[in-house]
Amino acid sequence: MKRLILVVAALVMFAAAPVHAADKPSDAAALKGVKTGRVVWDISMANPESLALFLSVVRETYDDLARQNVKPEMVLAIHGVPVKYVRANRDDLPLETGAAVDKINDVLDDLAKRPGIRIEVCSIANRLFGVDNASIKPNYHVVGNTWVSLIGYQAQGYAVVPIN
């Protein structure tokens, strides 16, 4: 019985292990001739649990591009309710959102350290949701209007991917 439990535990651990880069399928057809992956993520998803999940996929997308020798150039344009999640002090948020908001910030903080990443936070959304521009983390960039950012980055050849 003890041996059966060990085998089952090993199988569960194997099934739950992350997929290694060598195990992932290739995106070679889509990336043929592509040297730089330019994308602006249009982030307005209000549900913190869902947003944390989607931001994890953004990070995986960065890693997938780099793994396939494509230089990631990404802008995360945050507006709407999520501006409340990226403040230095989030003590006023509902307690039940704490773990998800922490995950959002962990992923964003990790991304902010990577080359080719810029995180922008909309000052209009900050005003509308009562967030002081000065309370946004210093490694994020408060901009006048993230919709203007979307227009500008798209004109520069960035793909726009909505997360809402």
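Taken together, the values in this text are just the output of simple stated rules run on the coordinates, not laboratory data. Not measured: the values here are computed from a predicted model. A quick note on method: Cβ atoms are made from the backbone with ideal geometry, for glycine too, and the neighbour counts reach across all protein chains shown.
Residues that are among the acidic types (Asp, Glu) and within 21 Å of THR36 (Cβ to Cβ): does the stretch 120-142 have at least one? Checking the stretch 120-142: at least one residue is among the acidic types (Asp, Glu) and within 21 Å of THR36 (Cβ to Cβ). Search the stretch 144-163 for residues being surrounded by 13 or more Cβ atoms within 10 Å (Cβ to Cβ), in contact (Cβ under 8 Å) with a residue 60 or more places away in the chain and over 10 Å from VAL40 (Cα atoms), and hand back the single one that is nearest to the chain's Cα centre (by Cα). Among those that are surrounded by 13 or more Cβ atoms within 10 Å (Cβ to Cβ), in contact (Cβ under 8 Å) with a residue 60 or more places away in the chain and over 10 Å from VAL40 (Cα atoms), it is ILE163. Just one of the numbered conditions (1) under 22 Å from ARG87 (Cα atoms); (2) touching a residue at least 60 places away in the same chain (Cβ under 8 Å); (3) of a type in the set (A, V, I, L, M) is not true of ILE136: (2). Exactly one residue out of GLU60, GLU73, GLU49 is over 30 Å from LYS32 (Cα atoms) and charged (D, E, K, R), and it is GLU49.
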